[in-house]
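Read the structure below first, then the notes.
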Amino acid sequence: MATPTPIVHIVESGDTLLGIANRYGVSLADLLAANAGVDPTRLQIGQRIMIPAGGTAVNVPVREVVLLPSPTPLPYEIRGLTSVRTPAGSLDVIGEVFNPGPVGINNVKILALLQDSTGKALQTQSGTTALSVIPPNQASPFRILFINPPPDYVSFAVRPLRGEATDVARAVIPLQVTRVEGRPNPPQFRVSGELTNNAGVSAARVRLLVTVYDTERRVIGYRYLALSESPLPPGASLTFDALVTVASQNIASFAVYAEGLR
């Protein structure tokens, strides 16, 4: 019995694994499984990508291509990973993206994979971060939900897909946070304090991000909330008192970041 001729895609400028999967009508999980060891963030022009059985070349409209992740995301670090089973049986993959600088990052997109004992991807889900713009030396948490995780998954991984340089000053105004206190408030964690606008311009809207960590510096909860929709003038202050739902009471530390949206 004749076997079908394998389909091989030669990477061209602008290609991404997600774009290649869409082009040949296969799932990203199957494409990753057929190309074990391929780093989706470091595709090289001329690299050979094997297309899983059943894939056929299809035309992809330009309007879809422009929404695909960039082939070489701005470097950032994915850290603090943990997973939490919900009472309904779904799975939360939680972590954070750290921007080592020197410029801001926006349009961040990451890919979570649930894997079997051999490392094969069984299910994938993409997600983004709580902060739309991550300033230099700042981290932003994320949560990716798998509603029906496969019963035979044994591990998970998170990989970068997208991240673009941006001018932080054009989007947000960092606010100073002081008088911060954190204390258990089972089953949550309570954080209070004060923020001040030390910039020379008003912050149109005020947002607060609280991230909670366990003893292994894993993210076990976070909350990104609107503190005010009214402008915060230069020199003005605002107090806050926020409750954060956490996955466990093994709380070792927390971080607070406040910003004004332009």
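Points worth noting:
- Scanning region 203-213 turns up at least one residue that is in contact with a Ser or Thr (Cβ under 6 Å, 6 or more places away or on another chain) and either under 30 Å from R85 (Cβ atoms) or surrounded by fewer than 19 Cβ atoms within 10 Å (Cβ to Cβ) (or both).
- Counted residues, region 167-178 - those being exposed (fewer than 12 other Cβ atoms within 10 Å of the Cβ) and not hydroxyl-bearing (S, T, Y): 2
For (1) part of a loop (DSSP other than H, G, I, E, B); (2) within 18 Å of P174 (Cβ to Cβ), each residue gets a yes or a no:
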residue: R223; (1), (2): no, no
residue: V244; (1), (2): no, no
residue: S248; (1), (2): yes, no
residue: I251; (1), (2): yes, no
residue: A255; (1), (2): no, yes
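- Filter result (among the small types (G, A, S) and in contact with a Ser or Thr (Cβ under 7 Å, 6 or more places away or on another chain)) within region 177-202: G193
- The C-beta contact set for region 104-121 (first residue surrounded by fewer than 22 Cβ atoms within 10 Å (Cβ to Cβ), second residue of a type in the set (F, W, Y) and assigned to a strand (DSSP E or B), distance under 7 angstrom, 6+ apart or interchain) comprises Q115/F156.
- Some residue of region 221-238 being touching a residue at least 24 places away in the same chain (Cβ under 8 Å), closer than 30 Å to D116 by Cα and crowded, with 16+ Cβ neighbours inside 10 Å: yes
- Just one of (1) surrounded by fewer than 21 Cβ atoms within 10 Å (Cβ to Cβ); (2) modelled with pLDDT of 95 or more fails for P187. It is (2).
- Residue among V180, V191 that alone is part of a strand (DSSP E or B), assigned by TED's automatic domain parsing to the domain that holds A252 and under 24 Å from the mean Cα position of the chain (by Cα): V191
The values are calculated or read from the model by the stated rules, or taken from the named source; none is laboratory data. Since this is a predicted model, take the numbers as computed values, not measurements. We place every Cβ from the backbone using ideal geometry, glycine too, and count neighbours over all the protein chains shown.
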